[in-house]
Amino acid sequence: MAIRYQGNNDLRNDRFSILHRGGFLLQQYVCDLYVRMESNNLNYIRQNQGTLLADAYQGLVDYVNQQLHVDAPDPLAVGRRVILPSTFVGSPRYMKQCYHDAMAVVRKYGKPDLFITFTCNPRWPEIRDNLGTHTSANDRPDMVARVFHAKLKDLMRDITVNRIFGNVNAYIYTVEFQKRGLPHAHILIILRDDSKLLDAEDVDNVVSASLPDPTINRRLHDCVVSHMIHGPCGPINLNSPCMVDNSCSKKYPKPYSDETVFVSDGGYPMYRRPNDGRVILVRQREVGNEFVVPHNPYLLAKYDAHINVEVCSTIKSVKYLYKYVFKGHDAATLAIQEGDELLR
């Protein structure tokens, strides 16, 4: 996967890589190799339960099995229970350990101040200029992951070293992959006492939730239109994927507000969204500031990607945020029962 070649867009070197031009076959190849590595890891854990000190958990396992009647005689029962250690990435104990480590950071440094979501943009020049003819970003997950990793390191350098939000006490982040294959990172930032966001003016200096004036900064305006408009949904588009029971699950459109207000019973403040009459056309529908996702103008203009920046205003948001960051992979439960009827 690390073969270096210029791609078909470079006229100086038109070398052809059949591996990277495989399209869906390349994606299947990557998935098969990943499953093979995971199978090897699981087989090692299965064969080395004693080495991994699985006996230390046996008392707890026996208690759980007794409560759930797992060890009850069953003529159809097959296999044996295998304990996954916390070193196996993605296992429940791994996720719980990460969550406990993060809560230990909270105990020492306090609640998080900023919650940032950074999503990969498949139209970045580093990706677009290295794609072959008739090839999309989904066909090169290796290149997308490498570019996003470099961008994420640069973003964290801006936050921690360049201190665009102020002095940082601690931070955590985790990277997930969407169903389309694009990675995105959830980042939690804990600021020092001299950089805390204490009032509405501090919040307005960090977060914006309105359309910028295109005559002043055209690049920022185009980035907001391209990446930071939710939906549209609500009464103007009832078929939006975010609609649940005729209302948006993300609470859009947001109410207009001439100034930022801290909401006592909510996790985030009500950001400044003036009703200035400025509208844009998104998917054949006119929208205004009520659909703008909160963002930091500097980061948005620099990275040209979806970067949602939220201010954590209350302590109530701590557990939800860290549980959300370390929620783990999507999972489903399948039950097979005897009988001729189909269960849907």
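The values are calculated or read from the model by the stated rules, or taken from the named source; none is laboratory data. All figures in this text were calculated on a predicted structure; none of them were measured in a lab. Ideal geometry is used to build each Cβ from the backbone, glycine not excepted, and the neighbour counts take in all protein chains shown. When the accessible area is computed, the model is the full protein with side chains, heavy atoms only, and any ligands, DNA or RNA have been set aside. Shrake-Rupley method; radii C 1.70, N 1.55, O 1.52, S 1.80 Å.
Mind checking whether some residue in the range 214-232 is more than 30 Å from residue 150 (Cβ to Cβ), under 25 Å from the mean Cα position of the chain (by Cα) and modelled with pLDDT under 90? Looking for residues that are more than 30 Å from residue 150 (Cβ to Cβ), under 25 Å from the mean Cα position of the chain (by Cα) and modelled with pLDDT under 90, one finds at least one in the range 214-232, hence yes.
From the list 159, 116, 127, the one residue that fits, being part of a helix (DSSP H, G or I), over 29 Å from residue 33 (Cβ atoms), open to solvent by less than 10 Å² (accessible area, probe 1.4 Å) and out of contact with any Pro (no Cβ under 8 Å at 6 or more places or on another chain), is 159.
Filtered by the rule that a residue be open to solvent by less than 50 Å² (accessible area, probe 1.4 Å), touching a residue at least 24 places away in the same chain (Cβ under 8 Å), under 25 Å from residue 110 (Cα atoms) and part of a helix (DSSP H, G or I), the range 173-229 gives 195, 200, 203, 206.
None of 21, 46 is among the basic types (Lys, Arg), at pLDDT 80 or above, part of a helix (DSSP H, G or I) and surrounded by 10 or more Cβ atoms within 10 Å (Cβ to Cβ) except 46.
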